[in-house]
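Trainee: If you scroll down you'll find the structure; I have some questions about it.
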Amino acid sequence: MYNSINMSNIFVLDQDKAIDFYVKTLGMELTNDLDLGFMRWVTVGVPGEPGRNVLLELPGPPGMDEKSAGQVRELVTKGATGFALGLTTDDCKKTYETLKGRGVEITSEPEDHFYGTDFGLRDREIQYRSR
């Protein structure tokens with residue numbers, strides 16, 4: 001029935017700071033930055049991997065009313081939105097060292113598992129209030 005996932009989202013509080021983090025710090029590619037009138041459509045993706053984008057979405061219309069948007073902004077500010085994005089790399093430990101050197105907040109050190117090596121990081125940039 002389905003072939004792939006082409007879009008997912010991460011709620012952010014400041015799209016410009018989110019672009020800076022995901023593109024300049026994590027090394028992703030800005031795939032869209034469009035003013036749709038009713039919202040700004042900002043997406044990032046892995047360079048050279050078309051077909052899967054992540055929408056860096058401000059909580060609010062058209063997807064939710066202001067009360068719900070306020071609740072989502074509060075969760076984002078607390079860092080309580082849960083797992084948001086998984087990325088793969090050919091060299092996890094090298095990627096870890098690169099990101100650590102760029103000042104990325106590491107939440108768990110590289111660890112070997114049956115499925116491979118992983119580590120965790122936090123996007124501090126999206127947690128700054130823009131309002």
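The values are calculated or read from the model by the stated rules, or taken from the named source; none is laboratory data. Remember, it's a predicted structure, so these values are computed and weren't measured experimentally. Quick reminder, even Gly has a Cβ in these numbers, built from the backbone with ideal geometry, and neighbours come from all protein chains shown. Accessible surface areas use protein heavy atoms only, side chains included; no ligands, DNA or RNA. Shrake-Rupley method; radii C 1.70, N 1.55, O 1.52, S 1.80 Å.
Trainee: Go through region 39-131 and tell me which strands (runs of 3 or more DSSP E), entirely inside it, have 1 or more residues that are in contact with a strand residue (DSSP E or B) (Cβ under 8 Å, 6 or more places away or on another chain) and in contact (Cβ under 8 Å) with a residue 40 or more places away in the chain.
Mentor: Of the strands (runs of 3 or more DSSP E) lying wholly inside region 39-131, those with at least 1 residues that are in contact with a strand residue (DSSP E or B) (Cβ under 8 Å, 6 or more places away or on another chain) and in contact (Cβ under 8 Å) with a residue 40 or more places away in the chain span 53-57, 116-122.
Trainee: Would you check which residues across region 3-38 are open to solvent by 70 Å² or more (accessible area, probe 1.4 Å) and touching a residue at least 60 places away in the same chain (Cβ under 8 Å) and list them?
Mentor: Selection gives 17 alone.
Yes/no matrix, rows are residues, columns are (1) in contact with a Cys (Cβ under 7 Å, 6 or more places away or on another chain); (2) modelled with pLDDT of 95 or more; (3) over 11 Å from residue 9 (Cα atoms):
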residue	(1), (2), (3)
23	no, yes, yes
29	no, yes, yes
32	no, yes, yes
40	no, yes, yes
43	no, yes, no
49	no, no, yes
53	no, yes, no
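Trainee: Moving to a separate point now. Could you tell me which residue of region 40-64 is most open to solvent (accessible area, probe 1.4 Å), considering only residues that are closer than 13 Å to residue 28 by Cα and of a type in the set (A, V, I, L, M)?
Mentor: If we take residues in region 40-64 being closer than 13 Å to residue 28 by Cα and of a type in the set (A, V, I, L, M), then 46 is most open to solvent (accessible area, probe 1.4 Å).
Trainee: Among (1) surrounded by 14 or more Cβ atoms within 10 Å (Cβ to Cβ); (2) within 20 Å of residue 8 (Cβ to Cβ), where does residue 117 come up short?
Mentor: Exception for residue 117: condition (2).
Trainee: Sticking with this one: Identify all residues within region 1-18 that are touching a strand residue (DSSP E or B) at 6+ places or on another chain (Cβ under 6 Å) and in a helix (DSSP H, G or I); write none if there are none.
Mentor: Within region 1-18, 15, 18 qualify.
Trainee: Okay, moving on. Kindly indicate whether residue 100 is of a type in the set (Lys, Arg), under 22 Å from residue 20 (Cβ atoms) and open to solvent by 80 Å² or more (accessible area, probe 1.4 Å).
Mentor: Answer is yes for this residue.
Trainee: Is it fair to say residue 67 is in contact with a Pro (Cβ under 6 Å, 6 or more places away or on another chain) and open to solvent by 70 Å² or more (accessible area, probe 1.4 Å)?
Mentor: When the stated conditions are applied, residue 67 does not pass them.
Trainee: Which residue, of 78, 100, is at pLDDT 90 or above and either among the basic types (Lys, Arg) or touching a helix residue (DSSP H, G or I) at 6+ places or on another chain (Cβ under 6 Å) (or both)?
Mentor: Just one listed residue meets the conditions, 100.
Trainee: Determine whether residue 83 is within 25 Å of residue 107 (Cα to Cα) and open to solvent by 80 Å² or more (accessible area, probe 1.4 Å).
Mentor: Taking the combined requirement at face value, the residue satisfies it.
Trainee: Now, a different point. Go through (1) of a type outside the set (D, E, K, R); (2) more than 15 Å from the chain's Cα centre (by Cα); (3) within 23 Å of residue 115 (Cβ to Cβ) one by one and return the number of the condition residue 1 breaks.
Mentor: Only one criterion is unmet by residue 1, namely (3).
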